[in-house]
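A quick write-up on the structure given underneath.
The values are calculated or read from the model by the stated rules, or taken from the named source; none is laboratory data. All values reported here derive from a predicted model rather than from experimental measurement. As a convention, Cβ positions derive from the backbone with ideal geometry for all residues, glycine included, and neighbour counts pool all protein chains shown.
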Amino acid sequence: MSILSVIASAEGYTLSPGAQIKAEKNLKKIAQVAGDGFGNGRSVRTFFETIKNNYAERAISQNKASGDSTYFHSPYYVHETDIPDLDPVLNIKA
């Protein structure tokens with residue numbers, strides 16, 4: 001989880017408590033399936049890219065509904081719903 005926290009923080013993202021719990025659960029599942037092949041930043045980076053895409057989709061949707069553009073300015077607050085249910089790296093259910 002520390003790699004994800006470092007990457008997210010460096011790019012101006014903050015994970016909500018619920019997002020942290022869900023992300024940790026998903027990363028543990030990824031590590032379990034990957035076995036010894038897990039631990040590099042590439043898997044976490046791919047996972048984070050999916051989180052960012054989900055955040056962007058939510059921000060655009062909420063901006064259209066409310067006209068509020070604050071979602072597009074750092075810090076970006078990641079909600080639990082931004083964490084993917086389906087692991088993008090290994091294509092498994094989390």
Exercise. Please identify the pairs in which a residue from the range 52-70 that is under 19 Å from THR14 (Cβ atoms) has its Cβ atom under 8 Å from the Cβ atom of a residue that is in a helix (DSSP H, G or I) and at pLDDT 85 or above, counting only partners at least 6 apart or on another chain.
Key: ASN54/THR81; ASN54/ASP82; TYR55/ASP82; ARG58/THR81; ARG58/ASP82
Quiz item: What residue, among those in the range 1-51 that are modelled with pLDDT of 85 or more and outside any helix (DSSP H, G or I), is surrounded by the most Cβ atoms within 10 Å (Cβ to Cβ)?
Solution: LEU15
